[in-house]
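Just below is one structure, and these are the notes that go with it.
The values are calculated or read from the model by the stated rules, or taken from the named source; none is laboratory data. Computed from a prediction, not measured in an experiment: that's the story for all the values here. Virtual Cβ from ideal backbone geometry, glycine too; neighbours counted across all protein chains shown.
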Amino acid sequence: MPTPAYGKAVIAGFAATIVLSMLMMAKHVMGLMPQVNPVMDLALLFAHFTRSAPNMMMGWLMHFLLGSVVWGLAYAWLSPQLKGSPLVRGLMFAVMAWFAMMVLFMPLVGHGLFAMGYGMGVMPAMATLMLHLAYGAVLGLVYGHLTAASGK
C-alpha cells in the first residue's frame, strides 16, 4: 500500500477548493439558492464560538482550511483504501465528505439533516452534492497526477 503524500494532498485540496469556490461564486452570481451559503455558515459558526462579529473573510479562510488541509489530508489517508482510478477515488471521497456535511455540519448550523431546514426539499442537498463531486473530481485527479509524477 502506498504511503500517503500529505503535502501533495494539501496542494490537491487547495486546487479542488479553488474550483469549488468558483462554482459557489457562480451559483451566487446566478442567484441560485442564495440562502444556501456554507461560507456564511462557517463565518457565523466561528463568530458564535469566539463571541465575535461574523466576518466573511473568516468564513472563506475556514472554507479554504477545511478544503485544503482537513479534507486534503483525510483524502491522502483514505485514498489508498479506495478502489478505482484517481477520479473514481476522488468522487467516492466527495460523497463521504458530502454525507458528513449533511449529517454533521448542516444540523450543527441549524439547517437540519440533509439541509431539509431550508424548506426547499432536496434541492440544497443535491446542489451541495454536485459541488462536492466537482471538488472530489479535482482532488482525485490532481492528487493522482502529483503522486504519479513523483512515483509516490
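In table form, for the structure just shown:
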read-out	value
Odd one out for K8, checked against (1) of a type in the set (K, R); (2) part of a loop (DSSP other than H, G, I, E, B); (3) in contact (Cβ under 8 Å) with a residue 40 or more places away in the chain	(2)
From the options L65, L73, L44, residue that is in contact with a Phe, Trp or Tyr (Cβ under 7 Å, 6 or more places away or on another chain), at pLDDT 95 or above and either of a type outside the set (K, R) or under 30 Å from L146 (Cα atoms) (or both)	L73
Top-ranked residue of segment 81-101 - restricted to ones that are out of contact with any Gly (no Cβ under 8 Å at 6 or more places or on another chain) and not aromatic (F, W, Y), ranked as surrounded by the fewest Cβ atoms within 10 Å (Cβ to Cβ)	K83
Number of positions in segment 114-147 that are without any contact (Cβ under 8 Å) to a residue 40 or more places away in the chain, more than 17 Å from the chain's Cα centre (by Cα) and either in a helix (DSSP H, G or I) or buried (at least 18 other Cβ atoms within 10 Å of the Cβ) (or both)	2
Matching option when the condition is in a helix (DSSP H, G or I), free of Cβ contacts under 8 Å to residues at least 24 places away in the same chain and either β-branched (V, I, T) or surrounded by 14 or more Cβ atoms within 10 Å (Cβ to Cβ) (or both), among L45, L104, L78	L78
